[in-house]
1. For the stretch 124-140, give me each residue that is surrounded by fewer than 16 Cβ atoms within 10 Å (Cβ to Cβ) and at pLDDT 70 or above.
2. From D97, D18, D57, grab the single residue that is without any contact (Cβ under 8 Å) to a residue 40 or more places away in the chain, among the acidic types (D, E) and on the phi < 0 side of the Ramachandran plot.
3. Here are some residues: V84, V99. Which one is aliphatic (A, V, I, L, M), under 18 Å from G130 (Cα atoms) and out of contact with any helix residue (DSSP H, G or I) (no Cβ under 6 Å at 6 or more places or on another chain)?
Amino acid sequence: MAEVAAVSTSVARVLVVDDEPSITDAVATALRYEGYETMEVGAGRAAERAIDELRPDLIVLDVMLPDLDGFSIARRLRDGNHRVPVIFLTAKDATEDKVAGLALADDYVTKPFSLAEIVARVQSVLRRTGGETDGAMRFADLTLDEATREVRREISSSS
């Protein structure tokens, strides 16, 4: 008799973008602890590549990055009709920065911040935007993306 394995819908993928490694590590660790899949990058151009390649369900994005600012990244996402939610995480706390940021993103958090607050805001934005999962089904090393009708196979690096 054939054994039936469970097919699971994955948890949300969150891309954390900040040029301070201690911040990306802390935020990503807190989100992983809550069950999210996380990716970390430290620059704007790397964030753009990660967005295109990994298609995250949400982005936690610093405004002040060394090569491309977060506002520009969010603007390009919106201009390109990308619907991925963005939460700005930044030291820029002037009212005009907050207003500009909220025109481009789903939330705006200023540094210093608490990890519990970031987790709560990620959960809230994903609830509002329907991004609790990525719409993919996984079975063993196969992933079916229902939106794009693509099937991918995980390739292990230990081979």
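The values are calculated or read from the model by the stated rules, or taken from the named source; none is laboratory data. If you're wondering where the values come from, they're calculated on a predicted model, not measured in any experiment. Backbone-built Cβ (ideal geometry, glycine too); neighbour counts: all protein chains shown.
1. Selection gives S124, R127, R128, T129, G130.
2. From the options D97, D18, D57, the qualifying one is D97.
3. Exactly one residue qualifies, and that residue is V84.
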